[in-house]
Amino acid sequence: MLNLDKYQGIIFDLDGTLVNSMVAHATAWESTCRAFNIPYDKEWLDQLGGMPSRKVTLEILKRYTLDLDAQAITKHKVKVFEDIENKGDIIPKIYKILKENYKNKPIGIGTGAQYKHAKEILDTTDILSMVQVLVTSDDVINHKPNPDTFEKVAQQLSLPASGCVVFEDTTIGKQAANRAGMDCYLVAQGEIIDFFPASKASM
């Protein structure tokens, strides 16, 4: 069992960390890239997990120097994603950490998803019953890798940033956590693969 005694609270990312919904996002992006004749680079797109779709669209257009309708691309991606019935199941090992700690520590979720999408995914699980705070892309102006999402979760939990630890599955999520002054466990394929203390993070 992971020892998190030194932390006052725990913050989880959602997509790819607690729920394996990144597969649904990848499917939606692949379909969208095909529809707009855009190169599809799954590995690169996965690393943008945590950004709202509209910002991912801008990153795509910038990367490939494309003059396309960003709003139409984003609308297409969101529609394909919303039409996917099963958006993902819980990730057992990270969910277990939540279950083992929610009775004695405040828990928050900080996600780059829109509220309606996060809520739809969470409603298929019992996760929300163990969480005090949910901060989505609708709640902040500056998204990951900026620290605002995790800072807002800590604020709403009435905890100092230094008292929180974050579980994330992307580089930009890890950067956001460290920039908020929080230690971060990095998750990949449902396993914790690395630990990044805030004190050693390069800002």
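The values are calculated or read from the model by the stated rules, or taken from the named source; none is laboratory data. Worth saying up front: this structure is predicted, and the values here are computed from it rather than measured. No Cβ is skipped: glycine too gets one built from the backbone with ideal geometry, and neighbour counts run over all protein chains shown. We work out accessible area using only protein heavy atoms, side chains counted, and drop any ligands, DNA or RNA first. Shrake-Rupley method; radii C 1.70, N 1.55, O 1.52, S 1.80 Å.
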How big is the stretch 1-112 by the Kirkwood estimate over distinct Cα pairs, in Å? 15.6
The stretch 126-203: GluC sites (Glu not before Pro) in DSSP coil with no more than 15 other Cβ atoms inside 10 Å: none
For the chain, give the share of DSSP beta bridges that are antiparallel, in percent and rounded to the nearest 5; count only bridges with both residues there. 25
What percentage of the solvent-accessible surface of the chain, computed with a 1.4 Å probe over protein heavy atoms, is contributed by carbon and sulfur atoms? 49
Compare Ser21, Ser129, Ser137 in a GNM of the chain, Cα atoms joined below 10 Å, and give the one with the largest fluctuation. Ser129
Only Lys, Arg, Asp and Glu count, each charged at its Cβ (+1, +1, -1, -1), so figure out the dipole size of the chain about its Cα centre, rounded to 20 debye. 300
With every protein chain present, what accessible area does Met22 have (1.4 Å probe, heavy atoms only), rounded to the nearest 10 Å²? 40
Highest GNM mean-square fluctuation among Thr136, Thr74, Thr149, for the chain with Cα springs under 10 Å, belongs to Thr74
Given the pairs Lys96/Lys152; Lys119/Lys152; Lys62/Lys152; Lys62/Lys144; Lys42/Lys116; Lys62/Lys116, which are separated by over 22 angstrom at their Cα positions? Lys96/Lys152; Lys62/Lys152; Lys42/Lys116; Lys62/Lys116
Just to confirm, what accessible area per residue do you get for the chain at 1.4 Å probe, in whole Å²? 49
For the stretch 80-203, what does the alpha-carbon gyration tensor say about shape, rounded, prolate or oblate, given a ≥ b ≥ c as the root eigenvalues, a/c under 1.5 as rounded, and a/b over b/c as prolate? rounded
Any GluC sites (Glu not before Pro) in the stretch 66-112 that lie in a DSSP loop and have at most 14 other Cβ atoms within 10 Å would be Glu85
Connecting C-alpha atoms closer than 10 Å in a GNM of the chain, tell me which of Tyr64, Tyr40, Tyr185 has the biggest fluctuation. Tyr64
